[in-house]
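Right, one structure below, let's go through it.
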Amino acid sequence: MQQSMEHHRDSNVLLHLDAAANNKFETDPNVINISERIASITEKIDRQPQKHPDLVKERASLYADKTKLRKKLLHEFKKDWWETLYDEYTSGNSFSEKDITSLFDIYRKYTPERDRLSRDLFREASIDSETGKQCLTDLITICSSTEYLVYYPGLQPNDGQCPRCRNNKRAHRRVNRNFLEFCYLCAEMVDSEDEWKKHCQVHIENLTPQCGMLRYRNTLISPRFCPFCLSDGTKEYDARFRQWRDKSTLLNHIDEHLGLLKPLALVPCPHPCCENQDYKGAAALQRHFFDAHSLEEPRPNCQARKRRWSVQETETTSFAHKPPKKKKVEVVIAEKVDSV
Ligand SMILES: [Zn+2]
Ligand SMILES: [Zn+2]
Ligand SMILES: [Zn+2]
Ligand SMILES: [Zn+2]
């Protein structure tokens, strides 16, 4: 029992499919079939879901089928991780790459109960002390909460209206200011250009590997970042710390950086958190972005994405800094997709 609990807390276990397994999923005939049907239905719905309730229902069911297949694959993937990759690790090989950012550090300000519990739960105190009572209250709040929305700290609506805008007809940006930036990571407004540059500098000097977007209860709490721009010392801090909200626009932008690389040359990951890691060519670097920086492709039918990354693992694009790992990921996907 204790051993199995230890295993669940092993921080090396991958919680998501890695780039190679994800690619296998996206190129599975069953999954391609579902994705094509979703794309064709989306075209028929033509942004007017209220006119096509039957099609909307059919599409929801296809999305559910796809999610089911992904969950099944993830289950197999984790099982395989324990059976083969862990043995490899214990025999001296290293684990596959993963994003090691502590997401709780980003989430914690939105969930004060969990924040307090992470600090107080293992403190020695009696149950009727202030700490004990607070822990119990927090546990009950978490268990009984039905909240599905979260507001930025200090920006909770006042009588259903924005707390910042005195004049309800205009957005923040237009109220007596010509500069306003919002830092999603800090949930903070900065209204002077100099302050904003200083703010960005602090972030640049304290980066985490995470470059993908995070939402918590429908609220954007971490935007996306470009690993190349983050490390570009020729740019101003605010340009380096550019917050990208749209996935396809950022990936199209990263493709421009990747296009400048020589094919199959050894390239280091540009992200400031990655040191001494060389990758062979753009495809290997894309795979690393997916695995270690949480940069994912948008959904397959995204119109704005120019050319999708192919993260297929091949001989010519293996990691240059490590001996090739014997990585056997057996992917099992349902033979037949449940009929809709
Ligand atoms: Zn406002
Ligand atoms: Zn900030
Ligand atoms: Zn960039
Ligand atoms: Zn990196």
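A compact table of results
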quantity: Residue count, region 85-108 (criterion: part of a helix (DSSP H, G or I), crowded, with 16+ Cβ neighbours inside 10 Å and either basic (Lys, Arg) or at pLDDT 85 or above (or both)); calculated: 3
quantity: Residue that is nearest to Glu296 (Cα to Cα), among those in region 180-208 that are more than 16 Å from ligand 3 (Cβ to nearest atom) and in contact (Cβ under 8 Å) with a residue 60 or more places away in the chain; calculated: Thr208
quantity: Helices (runs of 4 or more DSSP H) (entirely within region 216-262) containing at least 1 residues that are of a type outside the set (Val, Ile, Thr), closer than 30 Å to Leu149 by Cα and within 16 Å of ligand 2 (Cβ to nearest atom); calculated: 237-240
quantity: Identity of the residue in region 14-53, among the basic types (Lys, Arg) and in a helix (DSSP H, G or I), that ends up nearest to Trp82 (Cα to Cα); calculated: Lys24
quantity: Which numbered condition Cys274 misses (of (1) within 16 Å of ligand 2 (Cβ to nearest atom); (2) crowded, with 17+ Cβ neighbours inside 10 Å; (3) part of a loop (DSSP other than H, G, I, E, B)); calculated: (1)
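The values are calculated or read from the model by the stated rules, or taken from the named source; none is laboratory data. None of the values given here were measured: they were computed from a predicted structure. Positions of Cβ are backbone-derived with ideal geometry, glycine not excepted, and every protein chain shown enters the neighbour counts.
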